[in-house]
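The values are calculated or read from the model by the stated rules, or taken from the named source; none is laboratory data. Model, not experiment: these values are computed from the prediction. Neighbour counts run over all protein chains shown; Cβ positions are idealised from the backbone, glycine included. The protein model used for the area step is the full one, side chains on, heavy atoms only, and it has no ligands, DNA or RNA in it. Shrake-Rupley method; radii C 1.70, N 1.55, O 1.52, S 1.80 Å.
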Amino acid sequence: MTKHIFVTGGVASSLGKGLTAASLGRLLKQRGLRVVIQKLDPYINVDPGTMNPFEHGEVFVTDDGGETDLDLGHYERFIDENLTRDSNATTGSIYSAVIAAERRGEYLGKTVQVIPHITDEIQRRIRRLAGDDVDVLITEVGGTVGDIEILPFLEAIRQFRLDVGSTNVCYVHVTLVPYIGPSGEHKTKPTQHSVKELRSIGIQPDVLVCRSTQEIDVSSRKKISLFTNVELPAVISLPDSDSIYRVPGKLGAAGLDEIIIRKFHLDCPPADYSEWDRVVEAHLHPSQEVSLAMVGKYMDLLDAYKSLNEAIIHAGIQTRTRVNIKYIDSDDILHKGIEILQDQDAILVPGGFGERGIEGKIVAVKYARENKIPYLGICLGLQVAVIDFARNVAGLEGAHSTEFDADSPHPVIALISEWTTASGGTEFRDEESDLGGTMRLGAQKCILQSDSTTSECYGKQEIVERHRHRYEFNNNYIDRLSAAGMNLVGKSEDGMLIEVIELADHPWF
């Protein structure tokens, strides 16, 4: 039977519940267990797909096209498993399911209420991921204990323990223990109140992960244990770290995985941290450095590029390279001049939506192209590269994307419904009217030219990458841009869509 760990948070938000859940998943996987993680989010949006990145950070896309919370990125990176859209459920999606069931008459005319109907649907979302192929399911509950919007989730996980038995459920509460500098002591009262709030609704934590700026002394932990009814070994100190990849090791050293194993009466070998230790060592002690300019439009909230930043870190780990990222708002290139890109070893333009900052990105691409600076464009970064090339190399004056200029004389980037394929293939049009249903989403196969730089990098010709966009390379411009020197080296599996471009007369573009 699948064992269930529920991770909640108290006192303050942004304490690292997601990282704690991901790290715990890694510890248990290192012990040979099959682990899956999910996130329950209290906001009423059906998913984060239509949110402004400044609201909630990036939208993490799963293989099956789910638009999910960025914490799922941490889960995947730490436990090295591809998750699905079922690993994220929001208040909005849960209420939508319940209301749809009511409209279909599934409740037989009964009054539909938060208890039991909403809480039952929450539990159904949890059970959906459990099964014979999952040893441990970790469920993170978003928000902070005391928030009114998470009460149905807390009630659901309280009921869940009654259904599956106490030996199959473990509650982990992540809380803040602030350190007061002038008095030189940790204050345990906020944690006491947070646990009291949990206990008032029927949840007794089995483990407390206590966050602080520095190590929490034994006397403070004993005080927390006494007032929260949590055994002392299960009151774990987790101070700030110089790397998030140290967290599994710290929690393992504190015995968190062993506490869980004993709680669940599982028989599994000790964790082997050697592989993970090599990752941390390579991350913290690189042998070389490079400077990378990331030119985007959400630089006031770097969580908007969370997975991209982590991918860059992981590439650095693989090559023992410290990547010093210079975050540049694309508007600043227009206002401060192209000089802010000088002295950078490479330039990267990430994805994004909306017209703001587009011309600054196009200028950045032009600078990289003309000065032979290694360039990587992802999603919108590819599109602005096509626009720059069309305008400034192919001589297509006014070339643009119809996302930003519907009347462009040369719409080199456009919706698929706005152009016909060069081969006369069939157009396809997404007829869904809501903003959350008009994108190309999830894992897509791409076939690379065998002699391309991209194929050399991947070491194969058939690759799979995740997508989240509406606009595509306009196939009506294949001949003109190819004739001007653009190599169209990657196409969708059916050959219909251009996925990757390169420039032959450039060291890396």
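Table for the structure above
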| quantity | calculated |
| --- | --- |
| From Val169, Val209, Val174, residue being more than 19 Å from Ile224 (Cα to Cα) and either open to solvent by 50 Å² or more (accessible area, probe 1.4 Å) or in contact with a strand residue (DSSP E or B) (Cβ under 6 Å, 6 or more places away or on another chain) (or both) | Val169 |
| Boolean, Arg158 is closer than 27 Å to Ile79 by Cβ and in contact (Cβ under 8 Å) with a residue 12 or more places away in the chain | yes |
| Test for Leu72: is it assigned to a helix (DSSP H, G or I), more than 30 Å from Gly354 (Cα to Cα), open to solvent by less than 20 Å² (accessible area, probe 1.4 Å) and modelled with pLDDT of 90 or more | no |
| Segment 342-359, residues that are within 24 Å of Met51 (Cβ to Cβ) and at pLDDT below 95 | Pro350, Gly351, Gly352, Phe353, Gly354, Glu355, Arg356, Gly357, Ile358 |
| Residue count for segment 47-58, restricted to those that are open to solvent by less than 30 Å² (accessible area, probe 1.4 Å) and either small (Gly, Ala, Ser) or outside any helix (DSSP H, G or I) (or both) | 3 |
| Some residue of segment 15-25 being open to solvent by 10 Å² or more (accessible area, probe 1.4 Å) and in contact with a Gly (Cβ under 8 Å, 6 or more places away or on another chain) | yes |
| Residue identified as closer than 29 Å to Ile157 by Cα, of a type in the set (S, T, N, Q), open to solvent by 60 Å² or more (accessible area, probe 1.4 Å) and free of Cβ contacts under 8 Å to residues at least 24 places away in the same chain among Ser225, Ser200, Ser219 | Ser200 |
| Any pair with Cβ under 6 angstrom, 6 or more apart, that starts in segment 402-419 at a residue that is under 15 Å from Val386 (Cα atoms) and of a type outside the set (Val, Ile, Thr) and ends at one that is open to solvent by less than 30 Å² (accessible area, probe 1.4 Å) and in a strand (DSSP E or B) | Ser408/His400; His410/Ala399 |
| Lone qualifier among Leu27, Leu40 - being within 15 Å of the chain's Cα centre (by Cα), hydrophobic (A, V, I, L, M, F, W, C) and under 21 Å from Leu15 (Cβ atoms) | Leu40 |
| Residues being in a loop (DSSP other than H, G, I, E, B) and touching a helix residue (DSSP H, G or I) at 6+ places or on another chain (Cβ under 8 Å) - total across segment 344-371 | 6 |
| Residue among Ile37, Ile5, Ile44 that alone is modelled with pLDDT of 90 or more, surrounded by fewer than 23 Cβ atoms within 10 Å (Cβ to Cβ) and not in a helix (DSSP H, G or I) | Ile44 |
| Segment 377-401 - residue that is surrounded by 19 or more Cβ atoms within 10 Å (Cβ to Cβ), within 26 Å of the chain's Cα centre (by Cα) and in contact (Cβ under 8 Å) with a residue 60 or more places away in the chain and, of those, farthest from Asp505 (Cα to Cα) | Leu380 |
| Restricting segment 229-248 to residues that are of a type in the set (Val, Ile, Thr) and touching a Ser or Thr at 6+ places or on another chain (Cβ under 7 Å), the residue that is farthest from Arg158 (Cα to Cα) | Val247 |
| Test: residue in segment 182-189 that is over 21 Å from Asp240 (Cα atoms), in contact with a Lys or Arg (Cβ under 7 Å, 6 or more places away or on another chain) and not acidic (Asp, Glu) | no |
| Residue list for segment 114-140, restricted to those being touching a residue at least 60 places away in the same chain (Cβ under 8 Å) and over 21 Å from Lys29 (Cβ atoms) | Ile122, Arg125 |
| Scope segment 290-335; condition touching a residue at least 60 places away in the same chain (Cβ under 8 Å), part of a strand (DSSP E or B) and open to solvent by 60 Å² or more (accessible area, probe 1.4 Å); matching residues | none |
| Those residues of segment 454-476 which are closer than 27 Å to Glu58 by Cβ, open to solvent by 30 Å² or more (accessible area, probe 1.4 Å) and part of a helix (DSSP H, G or I), in sequence order | Cys457, Tyr458 |
| Residue selected from segment 83-100 under the condition hydrophobic (A, V, I, L, M, F, W, C) and closer than 18 Å to Ile44 by Cα, by the criterion surrounded by the fewest Cβ atoms within 10 Å (Cβ to Cβ) | Ala100 |
| Residue satisfying condition, being among the aliphatic types (A, V, I, L, M), touching a residue at least 12 places away in the same chain (Cβ under 8 Å), open to solvent by 20 Å² or more (accessible area, probe 1.4 Å) and on the phi < 0 side of the Ramachandran plot, within set Ile362, Ile338, Ile347 | Ile338 |
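To keep it simple, each residue is scored yes or no on (1) of a type in the set (D, E, K, R); (2) over 14 Å from Ile347 (Cβ atoms); (3) at pLDDT below 95.
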{"residue": "Val280", "(1), (2), (3)": "no, yes, yes"}
{"residue": "Leu284", "(1), (2), (3)": "no, yes, yes"}
{"residue": "Ser291", "(1), (2), (3)": "no, no, no"}
{"residue": "Tyr298", "(1), (2), (3)": "no, yes, yes"}
{"residue": "Asp303", "(1), (2), (3)": "yes, yes, yes"}
{"residue": "Asn309", "(1), (2), (3)": "no, yes, yes"}
{"residue": "Gln318", "(1), (2), (3)": "no, yes, yes"}
